[in-house]
Amino acid sequence: PLDTTIPDPSVVCLIGASGSGKSTWASTWPATQILELDAFRAMVSDDAGCQEATADAVFALQAVLEARLARRRMTIVDGTNSEKSVRAGLVATARRYGMPTVALVVPTPLPVCVERQSSRPRSRRVPEHVVRAQHAATAGAVSGLPAEGFDHVVVADNLGRLLPFLQRLSG
Ligand code: ATP
Ligand code: MG
């Protein structure tokens, strides 16, 4: 059976299309525990939406991730993470530090993800065809997440599985 708990410490890999609500879920953890790829893009380029800055942002995120894992600190990786190779890198890094891994899937319906783009500033808007591809990749990845090596797989789509978050928010 799937283990749907979220241990502390662990590495939580958020998975979901742009606009699905990943950063909203991430914000239920303390800010210092959240490594948001967009924030690293902004740190290296002054532009959170700068795709050209992705490689440098990933490099910087990886350095902070490893510094935290060496200290066994709870860490939330807030990026789309819809590509298998990206997830494989995160699982491999966590393993090297002996940290358990959690895949936290945010399966918001595609039309909602697309609609949410329209209320964003233009520079933060993700084109519909990109959101669509991210959404399809997320849906296609869910069943394979345990085999990818995630120790815990949580789908943020029903009240039972949301309870740990609600308890954390209220307590
Ligand atoms: P990106 O990958 O582009 O960073 P994201 O997955 O982090 O996107 P968020 O920024 O968390 O998405 O959410 C997108 C928008 O949807 C935000 O305006 C947020 O307030 C809203 N939102 C997120 N979750 C919910 C929710 N459960 N109910 C209502 N609105 C939500
Ligand atoms: Mg986000």
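Just give me the residues in segment 77-103 being out of contact with any helix residue (DSSP H, G or I) (no Cβ under 7 Å at 6 or more places or on another chain), surrounded by 19 or more Cβ atoms within 10 Å (Cβ to Cβ) and closer than 19 Å to T28 by Cβ, in sequence order.
V102, A103 - these are the residues of segment 77-103 that are out of contact with any helix residue (DSSP H, G or I) (no Cβ under 7 Å at 6 or more places or on another chain), surrounded by 19 or more Cβ atoms within 10 Å (Cβ to Cβ) and closer than 19 Å to T28 by Cβ.
Based on what the data block shows, is R116 surrounded by fewer than 22 Cβ atoms within 10 Å (Cβ to Cβ), assigned to a helix (DSSP H, G or I) and modelled with pLDDT of 95 or more?
Against the criterion (surrounded by fewer than 22 Cβ atoms within 10 Å (Cβ to Cβ), assigned to a helix (DSSP H, G or I) and modelled with pLDDT of 95 or more), R116 qualifies.
Give just the number: which of (1) within 13 Å of ligand 1 (Cβ to nearest atom); (2) of a type outside the set (F, W, Y); (3) under 24 Å from A147 (Cβ atoms); (4) at pLDDT 95 or above does P107 not satisfy?
Going through (1) within 13 Å of ligand 1 (Cβ to nearest atom); (2) of a type outside the set (F, W, Y); (3) under 24 Å from A147 (Cβ atoms); (4) at pLDDT 95 or above one by one, P107 breaks only (4).
Checking the conditions here, which among S18, S10 is polar (S, T, N, Q) and within 13 Å of ligand 2 (Cβ to nearest atom)?
S18
Of all residues in segment 11-41, which are part of a loop (DSSP other than H, G, I, E, B), in contact with a strand residue (DSSP E or B) (Cβ under 8 Å, 6 or more places away or on another chain) and buried (at least 19 other Cβ atoms within 10 Å of the Cβ)?
G16
Looking at (1) in a helix (DSSP H, G or I); (2) of a type in the set (V, I, T); (3) more than 13 Å from L14 (Cβ to Cβ), which is the one condition that is false for V126?
The one condition V126 does not meet is (1).
Hey, among S23, S27, which residue is free of Cβ contacts under 8 Å to residues at least 24 places away in the same chain and either within 16 Å of ligand 2 (Cβ to nearest atom) or touching a Phe, Trp or Tyr at 6+ places or on another chain (Cβ under 9 Å) (or both)?
Just a single option satisfies the conditions, and that option is S27.
Within the group T28, T24, which residue is at pLDDT below 95, over 20 Å from L145 (Cα atoms) and near ligand 1 (Cβ under 9 Å from one of its atoms)?
None of the others qualify; the one that does is T24.
Among the residues of segment 39-50, what is the count of those that are within 12 Å of ligand 1 (Cβ to nearest atom) and either at pLDDT below 95 or among the β-branched types (V, I, T) (or both)?
Here the count works out to 2.
For the structure I just gave you, tell me whether A133 is under 28 Å from D3 (Cβ atoms) and under 18 Å from the mean Cα position of the chain (by Cα).
no
Just one of the numbered conditions (1) within 13 Å of ligand 1 (Cβ to nearest atom); (2) surrounded by fewer than 17 Cβ atoms within 10 Å (Cβ to Cβ) is not true of E66; which one?
(1)
The values are calculated or read from the model by the stated rules, or taken from the named source; none is laboratory data. Predicted model only: the values in this text are computed from it and were never measured. As a convention, Cβ positions derive from the backbone with ideal geometry for all residues, glycine included, and neighbour counts pool all protein chains shown.
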